[in-house]
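Input: a single structure, listed below in structure tokens.
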Amino acid sequence: MVKERETLSEYEAGRYQRQLPLWGVEGQEHLRCARVLVAGVGGLGTIVAAYLASAGVGFLRLVDHDRVVISNLNRQVLFQATDIGREKTAAASERLQSLNPSIRIEAIPRMLDKETVDELTQDIDLIVDALDNFTTRFLINRAAFTRRLPLIHGAVRGFFGQASTLIPGLTACLQCLIAHSPPPEVFPIIGGTCGVIGAVQATEAVKVLTGKGKPLTNRLFSWDGQVGEGTILIVERNPHCVICGGDSDKTALPLGDRNPLAGGNIILSEPHKGK
Amino acid sequence: MIVTVRAFADYREIIGKDTELVLAEGKTIGDLLAELGDRQPALRREMFAPTGELKEFINIFINGRNIAFLNDMGTPLVDGDTIALFPPVAGG
């Protein structure tokens, strides 16, 4: 596993100059040593992955079984017209690698389903939900809560979007929040909505990984782009939830002893345990 | 009793952002939604199937807890409750 260092290279000090004041070398090292799964490389996934790559998250696993189609291009800004027909993970990883040559990217052009979810969530510190259906979201939610990994939920439709940070042992899980999954649809969507929610998710991810700021725990951020307004809804766990009910084992927090709510001391002495 | 209904996403367009309603004691969330549906047929069409049942994928929270984990449509309301109505937002 990657061992944290005490200083940055000259390249990194220059590259991350504008964010170091927020979390210092220590925070930057937490990002470099982090392994993040971006589940879905579409409207949300392209935005989140771009910001996480630029910020120096050391390892990104991109999972998406789709190829780029022309209707993706109204919002999936990592892709170009010449990418039509290519595997999304291949096109995205190429673009992300050129954004930040110093990180590692793993492109997995496979479907996330109940056969593959265990394998694809192995050796990961944090999961970003950039999926387009709740069936798969619920699978990821179960995996996150079994493995005790933070899960940054995001969803969009038209001018509207939502996001929340789900932490096993601390917050509601997705099953407590969203009881039922809607039927699949070809949903209307614009770039700006993906931009807002993707950026919120990327911000949440770096807050959890660095321990800075206050993540959206037990809070659902709801964006109404139609009028230009964000709202927070305070949400609660279901104590009888089949996934997370009764789980208040705060000693088994994700990412070693980090408690994102404390927003302070982070100990990443125990690298990811790969449960 | 007075309860507040906060509507999100598409529902906001139909009934507005925040609505305060006066209800008789002992009413349930089901009663509230029926009342809202009466006032605003567009909402009823969005939220209810022709059979009169709430569409399965709509998420309703009372004070932050999804009614699916309370008593569903039979969950009683009390004075001061805040009800949040969320249509499905599932894309990515």
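Every number here is computed from the coordinates shown, using simple stated rules; none is lab data. Keep in mind that this is a model prediction, so the values were computed, not measured. Cβ coordinates were reconstructed from backbone atoms using ideal geometry, including for glycine residues, and neighbour counts include every protein chain displayed.
Do you know which of the residues in the stretch B:46-82 that are touching a residue at least 40 places away in the same chain (Cβ under 8 Å) and over 17 Å from A:ALA179 (Cβ atoms) is nearest to the other protein chains (Cβ to nearest Cβ)? Per the criteria, the residue is B:THR82. Being more than 8 Å from every other protein chain (Cβ to nearest Cβ) and either surrounded by fewer than 23 Cβ atoms within 10 Å (Cβ to Cβ) or aromatic (Phe, Trp, Tyr) (or both) is a description that does not apply to A:ILE197.
Candidates are the residues of the stretch B:4-14 that are under 11 Å from the mean Cα position of the chain (by Cα), surrounded by 16 or more Cβ atoms within 10 Å (Cβ to Cβ) and not in a loop (DSSP other than H, G, I, E, B); the one that is farthest from the other protein chains (Cβ to nearest Cβ) is B:VAL5. Count, please, the residues in the stretch A:147-170 that happen to be away from chain B (no Cβ under 14 Å) and of a type in the set (D, E, K, R). Total satisfying the criteria: 2.
For beta carbons closer than 9 Å, sequence separation of 6+ or different chains, a first residue in the stretch A:171-182 that is more than 7 Å from chain B (Cβ to nearest Cβ) and in a helix (DSSP H, G or I) and a second that is surrounded by 24 or more Cβ atoms within 10 Å (Cβ to Cβ) and aliphatic (A, V, I, L, M), the qualifying pairs are A:LEU174/A:ILE140; A:LEU174/A:ALA144; A:LEU174/A:LEU151; A:LEU174/A:LEU166. Among residues of the stretch A:110-123 that are of a type in the set (Asp, Glu), those with a beta-carbon under 8 Å from a residue that is assigned to a helix (DSSP H, G or I) and surrounded by 15 or more Cβ atoms within 10 Å (Cβ to Cβ) at least six positions away or on a different chain give the pairs A:ASP113/A:THR136; A:ASP113/A:LEU139; A:ASP118/A:ALA143. Scanning the stretch A:120-142 turns up at least one residue that is under 16 Å from B:PHE86 (Cβ atoms) and in contact with a His (Cβ under 9 Å, 6 or more places away or on another chain). Touching a residue at least 12 places away in the same chain (Cβ under 8 Å), of a type in the set (A, V, I, L, M, F, W, C) and touching a Ser or Thr at 6+ places or on another chain (Cβ under 8 Å): is that true of B:ALA24 in this structure? Spelling it out, it is not the case that B:ALA24 is touching a residue at least 12 places away in the same chain (Cβ under 8 Å), of a type in the set (A, V, I, L, M, F, W, C) and touching a Ser or Thr at 6+ places or on another chain (Cβ under 8 Å).
Under the condition of being assigned to a loop (DSSP other than H, G, I, E, B), under 14 Å from A:ILE197 (Cα atoms) and within 11 Å of another protein chain (Cβ to nearest Cβ), the residues counted in the stretch A:214-225 number 1. Look at (1) free of Cβ contacts under 8 Å to residues at least 60 places away in the same chain; (2) surrounded by fewer than 24 Cβ atoms within 10 Å (Cβ to Cβ) and you find that A:LEU166 fails only one, number (2).
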